[in-house]
Amino acid sequence: MGQHHPSTLLGRLLIASGAITPEDLQEALYQQKHCDKPIGEILVAMGALAPRQLERALRAQARLRGRPSPDRAFLLVVDDDPEVGAIVGDILAGAGYRVGVAQNEAEAIAAVFAEDGQRPALIVLDLGLPEYGGLEFLTLLRKNGETRNTPVVILTGRPDLEDKVRNSGLPISAFVAKPVAARSLLKIVEAALAKAEPEVAPAGSPVA
């Protein structure tokens with residue numbers, strides 16, 4: 001497998017948001033081979049991207065990836081409510097995990113499938129997402145070979161959506177009711193990671 005391009009997540013975010021086209025990104029990547037400028041600057045110089053759009057995408061990229069820390073398990077929180085996402089993220093980060101927060105399906109897909117070697121060890125997923133919804137995102141994860149076994153903890157405040165997940169037969173690790181109780185969430189996350197594949201390391205544990 002070739003070396004992954006460091007701008008893959010940013011490119012995915014820009015395409016998912018409709019800010020640029022795949023052709024724009026391809027042209028920018030081609031130009032980047034002949035210069036050392038960041039891909040975002042090239043897109044702006046091309047006229048394919050407004051500076052404000054780049055700023056928003058860079059903020060989203062930072063929010064999705066959390067603080068770099070290769071010896072910590074990376075978890076992704078997916079919730080369209082920024083306040084809830086921040087609370088859950090703070091709980092997990094306080095326990096020593098590296099945490100990214102996605103606020104919609106497009107961001108979540110970009111974060112999970114970006115080719116930068118930072119696939120989440122576990123996903124905390126809100127079922128009540130806009131557009132396609134959390135169940136559809138969960139279905140996408142389970143259909144993909146690379147994420148088929150990724151532990152998923154479901155955040156739920158709606159019994160009807162919880163029933164849909166149970167009836168779907170899609171494997172999940174656990175349900176967590178809103179409002180989220182910190183101690184309960186951490187116990188569930190720790191148990192789910194412990195049952196996951198051996199390469200998933202606990203928070204704070206060095207990666208071999």
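Quick notes on this one:
- Distance from the stretch 75-109 to the stretch 111-166 (C-alpha centre basis), Å: 13 Å
- Cβ-to-Cβ counts within 10 Å put 8, 139, 150 in ascending order as 139, 8, 150, the fewest first.
- Using 0.36 nm per residue and subtracting the Cα-Cα separation, the extra length available between residue 46 and residue 143 on full extension is 31.2 nm.
- Tilt relative to the chain, helix 51-65 - C-alpha long axis, 0 to 90 degrees, to 10: 40 degrees
- Restricting attention to the chain, the count of lysine pairs at 8 or more positions apart or across chains with alpha carbons under 18 Å apart stands at 4.
- Ranked 30, 97, criterion: other C-beta atoms within 10 Å, fewest first: 30, 97
- Of the trypsin sites (Lys or Arg not before Pro) in the stretch 9-117, the ones in a loop by DSSP (not H, G, I, E or B) with at most 14 other beta carbons within 10 Å are 33.
- Degrees between helix 182-195 axis and first principal axis of the chain (Cα, 0 to 90, nearest 10): 80 degrees
- With Cα atoms, 0 to 90° folded angle of helix 22-32 axis to the chain main axis: 60 degrees
- With contacts taken as Cα pairs under 8 Å and at least 6 residues apart, the chain reaches a relative contact order of 20 percent.
- Residue exposure sequence - 17, 168 - by fewest surrounding Cβ within 10 Å: 168, 17
Read the figures in this text as sums done on the coordinates, not as results from a lab. Everything numeric here is computed off the predicted structure, so don't read it as measured data. Don't worry about glycine lacking a Cβ; one is built from the backbone with ideal geometry, like all the others, and counts go over all protein chains shown.
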